[in-house]
Structures are given as structure tokens and as C-alpha cells.
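All of the numbers you see were taken from the coordinates with simple rules; none came from a lab. Because the structure is predicted, anything quoted here is derived from the model rather than measured. Cβ coordinates were reconstructed from backbone atoms using ideal geometry, including for glycine residues, and neighbour counts include every protein chain displayed.
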Amino acid sequence: MISFEHVDYSIDGRPILRDITFNVPLGGTTVILGPSGSGKSTTLRLLLGLARPDAGVIRIDNEDITRMSEKRLRQIRQRIGMVFQQGALFDSMTVGENVAFSLIEHDNVADAELEGTVRAHLELVGLDPDLIDRMPDQLSGGMQRRVAIARALAARNPQILLYDEPTTGLDPQSAERITDLIVELRDRMKKTSVMVTHDIADAFKVANTMAVLNEGRLVFDGTPADLAHTNEPFINEFLAPFRKAVLAATQRVVTVPGDTRRTALQ
Amino acid sequence: MELIAAIVERLRRILEVVQDFVLFAWDAIRATFSPPYYGREFLSQLHFALVGSLLIVIVSAAVAGQALAIQLVRELANTGAKSQLGHFMVISVVRALGPVLTGMVVASRMSAGITAEIGAMRSSDQIDALVAFGSDPMKRLVVPRVAALLIALPVLVIIGDALAVVGGGFVGLQYHLPVESYYSGVLKYLTPKNVMVGMIKPFVFALMIATVACWRGFRSAGGAKGVGVSTTESVVISSVGILVADGVCTRLVFRILGW
């Protein structure tokens, strides 16, 4: 389980997160929702140990990572797969080298086995395995995001998956394929996942639990159904344009099988 | 009072920047002495630094060497000491001009290249991705670049020096200075001490160029504009740094040699 306990974080004296406390249940998907600049992506950076909080404790499987040595953090990170905003694929490497990055870096895997693993992971995320020798800039944004997910999954079969705005900047069809993939991974592989997004439809589609941030403060922590019925003024205002879609999503009203996103947006 | 406060604040910021660079350089040094080592990345950077810089070093050294030789041979001819051209070319090129000229040419190319590449990686989260997937960016990005330039720059300085000196010989020929006379002067003054004075510098320059370029790349912020600013800073710091380091190295080596 992942837990944030009274976490404060600031940059140059400017508070980014203030007194953040929430839990991510084992095997579930928690969505961190909020407007741009609310500190969502920072929570993932803290969770990966890319930044250290000013105060508070962050635990992964009961281990406090906030005071951990860099060496130990590197071991913890091997249990985590991260999908960065825009993919963050290594542009000097091929698709295959990107997906196999963690295996090449840490494990002595034979080339033939490596290629098999890469192809299997590309297939898992719905990509043609023959893309293995392409460079990232030869792929569309949606395909790059899928390669990033494949890279995260190939990283020593991680127990935790983090997604930082995985659908930002994608066309609706590509975005939908990505969220479908995240739901599939959640249901099939039972990974503990944290997804950061400002897209309400995406959030309701994938979340088991939700945390809502506003100006660095946690204003909600609960289930999607609780969120849809909360009286918190900021959340009401934030959800207002999508109120009907939110209710539809929480009631699981699906008019087209497998097309929950389109329904949620009606 | 406001002026004093502003000066103090300015000094504090400069100290912070210097401290940041020193800590970065220290991390880079520490990363050098422990595995893993990235051989493929090192070879790729060596190719970029050595083969990629070869043409501009050849052109600039040949042109600058001939220009220097023309200046020298005319003055020497006026004093009846034309036969000393080889001597003066070795002292000027091998001890002073060669390392600085090649250093500047390589600095402008490599500083810009390294800072822009690492800065772009920073702004597209690729450096965070390296960390997230258990890699150490110091070992993967900084150490291979520093090591590659530490090998490439001295080799380029030797090539540049040789071309400049040979170019001086052609100029001497134009001014009716026999080849034997020119090269006997060259060989007489191409002593281990003179070579040492010139060949310590490229190692110092390489260390500085690569470390500063990586440091500015890592600290790049603010997207494309930030990468542009960092790249400019990197080239300026390296270029000025080469001139300062040249002065310091010359004084230091002269003192060591007891000259």
C-alpha cells in the first residue's frame, strides 16, 4: 500500500503541496484529480523520490521513502513503473531499446530473450511488434504513450504503476485507447496504480478511489460515487460542466458496450 | 542601503551558483570511479567529439597557423632572423595558440551540443525517466561525455598544432626559407617541456567544457527558451573559462618548470 501522511512540499519557498494525507489501496487504482497547477504531478515525483518533501512521510509497503538513501530508493523504484506526461521516451534509442531499457540496465538478459520480451510487451499494449526498430519520433503521440506504458510494464514486472496525465494532448480516439488499456491492465494484472489527470471522464473511467487537489491542498479523498455526491464547493464547481457525465459514469450507464467514455461525455 | 542589499543579494546568488557547480562536479567525479560504465555511450560521444570536430579544427588550425606564420616571417625577415620561424612557430602554436584555438573551436561546438541535448532531455522528462527506471544520469550522461572529451580534445590539439606548424613551413617556403632550416628549428624547440606546457591545457579545458556543458544542461528549465538560455550560458562560460584557465595553467606550469 502507498500512503501520504501530512506531506508538505515547496519550491523556492512557494508551497506546492500542503498537509496532503491519503492512501492508495493495494491492487486498486487511485486517480489524483485537479486543475492544472494543483500539485498533481508533484505527488508522483515525490512518490518516485525524484523530489523530497519538506515535511511528512510517504510510505510504500510500510517503508518510509522520504528519508531513504538514493541507493535504497533505486531498489524501491525497480518495483515501480512510471508513464510520464508526453511519454518521455529516450529519443536516442529505438522503440525496442526503450521498452527493454530497465532489463538492459539491471538484468543480464540474452538478446533473443530481450527481443521476445519487448515484442510481447508491444503486443500487450496493442502495438505492432515490428515497430521494435523504429525511433520514437517516427511514432504518433498515442503510439508513443503506448510504448511508454510497455516500457513501464517491462520494467521487472512492477507492482506499482504511475501514470502522469497519460491522455494529455492526444486525439479522442487515442486517449480512449490509452484509458481502455489502463482499465484492462488494472482488471487483468491487478497492479496498484496511481493516475494523475485533469480529465474528469478519464478519472471516472479508471478510478477505484479518487483524491482531488486544489492549490496544493487535498479537498477530497474517497470513491468516485462519494465524489459525485459531495457538497464541497470547489468540487461542485470543478465537476459542474460534467455533472451529468459524472452521474452517468457512477451509475455505470453504458449505452454502447465498451464505450464508457463516450457515454460519460454525453 | 538598498544598493548594498542588492549587491549582497547578488553575491549570495553568485555563491549559490558556484556552490551548485562545485557539488555537481563533485558528483560527476564520484560517479566516474564506480561502475556501471556505459561503453557504447562513451564511444558514441567520442565519435561526436573527435570525428565531428575534426573538420573545423583542421580548417581553423591551418588558417590560423598560416596567418601567424605570415605575421612572424615578415617581422623576422626585417631583423634578419627568418631562419628562426620554426622556433617561433613551435613556441607560439604548441605552447599557447594551439590549445586555446582548438579549445575554443571545440568548446563552441561541444558546449552547445551537450547542453542542448541534455537540456532537451531535462525538459522532456527523459532525465527523470532515467532515474525512475533505476539509472544514474551522472553515470549515463555526464561521465561518458567528460571521458570522451578528455580523450578527444588532446588528440584534436595535437592534430591542430601539427597542421599549424606544417602550414608555417609552407609560408616559410613562400618567403624563401628552406624546408630543412624551418624543420630543424621546429625539432630543436619541440622539447618535452614545451610540449608539456601545451598538452596539460587541453585536459583542463576538456574537463571544464564537458562539466560546465552537462551542468547547464541539467539545470536547464523553462522549455525551449530555457534550453536556449542554458546553451548560450554554457558556450560563454566555457569560452571565457578557457582564456582564464590558459592564463592560470601557463603561470602554474612555468612555476613548476622553474622558468
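Taking every alpha-carbon pair in segment B:120-159 and binning the separations at 10 Å intervals from zero gives 28, 36, 23, 12, 1 percent.
Among the helices of chain B, those built from whole DSSP H runs whose Cα atoms reach 18 Å or more along their own axis and whose mean Kyte-Doolittle hydropathy is at least 1.6 are B:143-174.
Among bridges DSSP assigns within segment A:126-228, what percent are antiparallel (round to 5)?
Numbers: 5 of 10 bridges.
Of the beta bridges lying entirely in segment A:126-228, close to 50 percent run antiparallel.
The calculated pair-distance distribution of segment A:124-237 uses every alpha carbon pair, bins of 10 angstrom beginning at 0, and gives 12, 41, 31, 12, 3, 0 percent.
Could you list log10 I(q)/I(0) for segment A:74-170 at q = 0.15, 0.16, 0.18 Å⁻¹, which the Debye formula gives when each Cα is one point scatterer? Normalising to I(0) and taking log10 leaves -0.51, -0.59, -0.75.
Our analysis of the protein assembly as shown gives Rg over Rh at 1.11, with the two radii drawn from alpha carbon positions and Rh computed by the Kirkwood formula. For segment B:1-101, the calculated P(r), taken from all Cα-Cα distances in 5 Å bins from zero up to the bin holding the longest distance, is 2, 10, 10, 10, 9, 9, 11, 10, 10, 9, 7, 2, 0 percent.
Given N residues in segment B:46-187, what is Rg(Cα) / (2.2 N^0.38 Å)?
Numbers: Rg = 20.4 Å, N = 142, 2.2 N^0.38 = 14.5 Å.
For segment B:46-187, the normalised Cα radius of gyration is 1.41.
Mean per-residue shielding of peptide A:150-159 is 1, counting Cβ atoms of other chains within 10 Å of each Cβ.
Report D for segment B:94-154 in µm² per second (integer): Stokes-Einstein, Kirkwood Rh on Cα pairs, 25 °C, 0.890 mPa s.
My calculation gives 187 µm²/s for D.
Could you let me know the centre-to-centre spacing of segment A:115-149 and segment B:156-181, using Cα atoms, in angstrom? If we compute the Cα centre of each part, the gap is 56 Å. Note on A:93, B:89, A:1, B:208: ascending count of other Cβ atoms within 10 Å places them as A:1, A:93, B:208, B:89, the fewest first. At each listed q (0.10, 0.11, 0.15 Å⁻¹), what is the log10 of I(q)/I(0) that the Debye formula gives for chain A modelled as equal alpha-carbon point scatterers? Normalising to I(0) and taking log10 leaves -0.51, -0.61, -1.12.
In peptide A:80-89, what is the residue-averaged number of other protein chain Cβ atoms found within 10 Å of each Cβ?
Values: counts 3, 2, 6, 2, 6, 2, 2, 4, 9, 4.
Across the residues of A:80-89, the mean count of other-chain Cβ atoms within 10 Å is 4.
Estimated from the Cβ-Cβ distance and a Förster radius of 60 angstrom, the FRET efficiency linking residue A:26 and residue B:43 is about 0.85.
Of A:122, B:150, the sequence from fewest to most neighbouring Cβ atoms within 10 angstrom is B:150, A:122.
The calculated 222 nm mean residue ellipticity attributable to helices in chain B amounts to -28000 deg cm²/dmol, summing -39500 (n - 2.57) over DSSP H runs of n ≥ 4 and dividing by all residues.
The helix-based estimate of mean residue ellipticity at 222 nm for chain A, built from -39,500 (n - 2.57) per DSSP H run of four or more residues and divided by its residue count, is -11000 deg cm²/dmol to the nearest 500.
Can you work out D for segment B:149-257 in µm² s⁻¹ from Stokes-Einstein, where Rh is the Kirkwood radius over C-alpha pairs, the temperature is 25 °C and the viscosity is 0.890 mPa s? Spell out each step's value before the answer.
Numbers: Rh = 16.4 Å.
My calculation gives 149 µm²/s for D.
An ellipsoid equivalent to segment B:49-110, defined through the eigenvalues of its Cα gyration tensor, has semi-axes of 28, 10, 8 Å when rounded to whole angstrom and sorted largest first.
As a rough footprinting exposure proxy, the listed residues A:4, A:220, B:205 were ranked by other beta carbons within 10 Å of their own, and the order from fewest upward is A:220, A:4, B:205. If you wrap chain B in the convex hull of its Cα atoms and look at it from every side, the mean projected area works out to 18.0 nm². Run the numbers on segment B:1-123 and let me know its relative contact order in percent, using alpha-carbon pairs under 8 Å that are six or more apart. So the answer I get is 24 percent.
Hydrodynamic estimate: the Kirkwood radius of segment A:1-116 over Cα pairs, inserted into Stokes-Einstein at 10 °C and 1.306 mPa s, corresponds to D of 98 µm²/s. The value of relative contact order for chain B, using C-alpha pairs under 8 Å at least six residues apart, is 31 percent.
Within the P(r) computed for segment A:43-82, what percentage of the Cα pairs occupies the region above 14 Å?
On the way: 286 of 780 pairs.
In whole percent, the long-distance tail amounts to 37.
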